[in-house]
DNA sequence: CGAATAATGATGTGGCTCATCGAAAATTTG
DNA sequence: CAAATTTTCGATGAGCCACATCATTATTCG
């Protein structure tokens, strides 16, 4: 059974410190009186707590700007710069590193191209280089990073590896967490890219209002990420959402309808094929429209399975093809109406190619939060 | 954002009261010293808290039995009789009512047969009668019930109705919660039967160790209930797990392989058909074995979709057919190996026909817990 | 009777609230 | 233009509540 820990008197201070930090975060700088009202604590009580938080480095004083009657109050704000997190997207074509503060503001980003058939060592070297670049651009040392999350393709198991499946050659035996733990002493999390994209859409994307979300990756790969009751669901073995593995769900072959659309110009770059097909379809080209129709039909079978299984509030359509979501959403909706009991809203992603790295940031921030709110509040001076 | 409520000093007492109650529940009667050790509180502190709990009626004193050196300690136990909950299974063929105390011990049960084609008024009357019977057998008044959960067939929407689908004639417009609220002033929850059975299997059944569970109802109806991260998942519209609605998943027709197995004796009662088929299959009858094979194949398609979507730790096979689970589990496992990335454990239900009502009890108890642990601890005297 | 353990009481401390008073800046007023 | 007034912030002290620690008394068994 859960350990029933009794509470000392000092626990109260901890609790109230946390609730003041919570009331401060993500808000504009607040006065003591405002915080007291927001938390329900007394003014003097709030005062001593916030004084301690300032000396501990969690909170900063903002000198009064003076634009009111009466004596101007000191304002306080959460010291988002007390710590930082990294979100890393290890893709087939690019490495993207985002550096953010504790409020989740992105301070620096670095993108670096890689090749899909690069060997693991090359890819890891690119990751290292991108991280180094991002840190030095922000003038930051590795020990100022409080959490790192790495997004990779394929289901991630408990050890942070993608042993079940990955399209990157040789990557199955790689442990990004082990690799990075040489540089960082903070928690290093590894997560599937679709799952991270789903998290990002709930954080800053198209589904901020929803707690039950299915994210569909619609692009040269097809995949899904699930958020239920506001929390990312990984599954017991980390393979939740891998409905595409079902043969009856033709997610593996679905993109080929578009990538091999009849009429594609010879010698067109693979990355431009989809754009070309969507362009033609928009113009009314029969072949392109047929390709789209077949693609959506295949996509919808898996989507319907997810929707029926989970009954989400929103389906977010992301991935490369979602740039032309206007062409996809209506037919997808029609297919789902044909297949499902209750059809959720379908929305297009608004985050684009950064979504995986953004989701990685959010997961890293959640990790920091979890440590904070479980272990109480230590002084950040020990880390700075 | 979440309201950041500051804590008064009296919050401490509340917190410690709760942690002592938690340490007391489900355990044999404990002495003050034991509780102090278990909660980390001091002995005198524990003493005053438990004294208050006794006068409030939450805890009872057990007089010392005297079997130790030194002065024998008073022992205390959680007063499970302070409140009670009802779990009601409204099935096609039966109404089952369970009455339990706050520890979840079943004190009384009452079963009452109904017909599948009874009209809603008749069925509700049977529910009322069964509840009355159960209460009076236990010598209990409705105001001593703290929560009621009703299990029904079909997805339950936010208003507690089964508007999307139900096999019971006329039941779609019935609101069991509204009906019962005339007799009970406590919370009345309505939930889908498969979901409740899943809860029961985690509580007292085959999956007590698992946090990610797919429950498969395998019987004359086919359905599923999902538990992820230890919590029942309902879906945004309450329709989670309804994968059977997908036409490609032939769950609706799957039981007919068995119910219409060639060679069934003319005039056999519908309820006995399955038993007959399983019996023949066990004896090696070709037709029966073929029927079973086809049934499992159909069942497995939906099961595979669920498993791939959720990646659970355990699949629990319940429902009427699970009495012959030994004939089903191996072929099902083979099918899943063919269809899935990672195959979870497959276990047979051990609860049988009571599982829905048991799950209803657990959900009602969870409701009581949620109220307790959020609103703090009022004296039960106001309720008794 | 002594050993062992339980219950009880006394004292001290940390943290919170409430009430009050002083301080600083803007507005009003002579 | 300067003094008075208003308004709000900041600081301090009294009181309360819940807990911890330590000492004392009570009860049983060997």
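The values are calculated or read from the model by the stated rules, or taken from the named source; none is laboratory data. Just so it is clear, the model here is predicted, and its values are computed rather than measured. All Cβ positions, glycine included, derive from the backbone under ideal geometry; neighbour counts span all protein chains shown.
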Could you check the stretch B:206-220 and list, in sequence order, the residues that are more than 16 Å from residue B:306 (Cβ to Cβ) and more than 14 Å from chain A (Cβ to nearest Cβ)? B:206, B:219, B:220
Looking for something outside the structural domain of residue B:220 (by TED's automatic domain parsing), in contact with a helix residue (DSSP H, G or I) (Cβ under 7 Å, 6 or more places away or on another chain) and within 11 Å of DNA strand C (Cβ to nearest atom) - is there at least one such residue anywhere in the stretch B:53-72? yes
I'd like to know if the stretch B:244-256 contains one or more residues that are outside the structural domain of residue B:92 (by TED's automatic domain parsing), more than 27 Å from the chain's Cα centre (by Cα) and more than 20 Å from residue B:339 (Cβ to Cβ). yes
So which of B:306, B:317, B:310 is within 27 Å of residue B:262 (Cβ to Cβ), modelled with pLDDT of 95 or more and outside the structural domain of residue B:188 (by TED's automatic domain parsing)? B:317
Kindly indicate the residue of the stretch B:200-217 that is out of contact with any strand residue (DSSP E or B) (no Cβ under 6 Å at 6 or more places or on another chain) and surrounded by 24 or more Cβ atoms within 10 Å (Cβ to Cβ) and also farthest from residue B:317 (Cα to Cα) among those meeting that condition. B:200
Residues (within 12 Å of chain B (Cβ to nearest Cβ) and surrounded by fewer than 21 Cβ atoms within 10 Å (Cβ to Cβ)) located in the stretch A:39-48: A:40, A:42, A:43, A:45
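For (1) crowded, with 22+ Cβ neighbours inside 10 Å; (2) within 16 Å of DNA strand D (Cβ to nearest atom); (3) touching a residue at least 40 places away in the same chain (Cβ under 8 Å), each residue gets a yes or a no:
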residue: B:50; (1), (2), (3): yes, yes, no
residue: B:70; (1), (2), (3): no, yes, no
residue: B:78; (1), (2), (3): yes, no, yes
residue: B:85; (1), (2), (3): yes, no, yes
residue: B:100; (1), (2), (3): yes, no, yes
residue: B:103; (1), (2), (3): no, no, yes
Select from the stretch B:303-329 the residues that are surrounded by fewer than 24 Cβ atoms within 10 Å (Cβ to Cβ) and at the interface with chain A (Cβ under 8 Å from one of its Cβ atoms) and list them in ascending order. B:313
Which numbered condition residue B:197 misses (of (1) over 21 Å from residue B:122 (Cβ atoms); (2) at pLDDT 95 or above; (3) surrounded by fewer than 19 Cβ atoms within 10 Å (Cβ to Cβ)): (3)
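Yes or no, residue by residue, for (1) touching a strand residue (DSSP E or B) at 6+ places or on another chain (Cβ under 7 Å); (2) on the phi > 0 side of the Ramachandran plot; (3) more than 14 Å from every other protein chain (Cβ to nearest Cβ):
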| position | (1), (2), (3) |
| --- | --- |
| B:91 | no, no, yes |
| B:104 | no, yes, no |
| B:108 | yes, no, yes |
| B:141 | no, no, yes |
| B:161 | no, no, no |
Scan of the stretch B:2-17 for residues that are buried (at least 17 other Cβ atoms within 10 Å of the Cβ), within 15 Å of DNA strand D (Cβ to nearest atom) and at the interface with chain A (Cβ under 8 Å from one of its Cβ atoms), ordered by number: B:6, B:7, B:11, B:12, B:15, B:16
Can you report the number of residues in the stretch B:18-38 which are within 23 Å of residue A:17 (Cβ to Cβ) and facing another protein chain (nearest Cβ under 7 Å)? 1
Could you say which residue among B:284, B:352, B:359 is surrounded by fewer than 21 Cβ atoms within 10 Å (Cβ to Cβ) and touching a residue at least 24 places away in the same chain (Cβ under 8 Å)? B:352
Residue B:168 - would you say it is over 25 Å from residue A:345 (Cβ atoms) and either out of contact with any helix residue (DSSP H, G or I) (no Cβ under 8 Å at 6 or more places or on another chain) or buried (at least 19 other Cβ atoms within 10 Å of the Cβ) (or both)? yes
Residue satisfying all of: in the stretch A:246-270; buried (at least 20 other Cβ atoms within 10 Å of the Cβ) and assigned to a helix (DSSP H, G or I); nearest to the other protein chains (Cβ to nearest Cβ) among these: A:254
Quick check: anything in the stretch A:23-35 touching a helix residue (DSSP H, G or I) at 6+ places or on another chain (Cβ under 6 Å), within 11 Å of DNA strand D (Cβ to nearest atom) and over 30 Å from residue A:195 (Cβ atoms)? yes
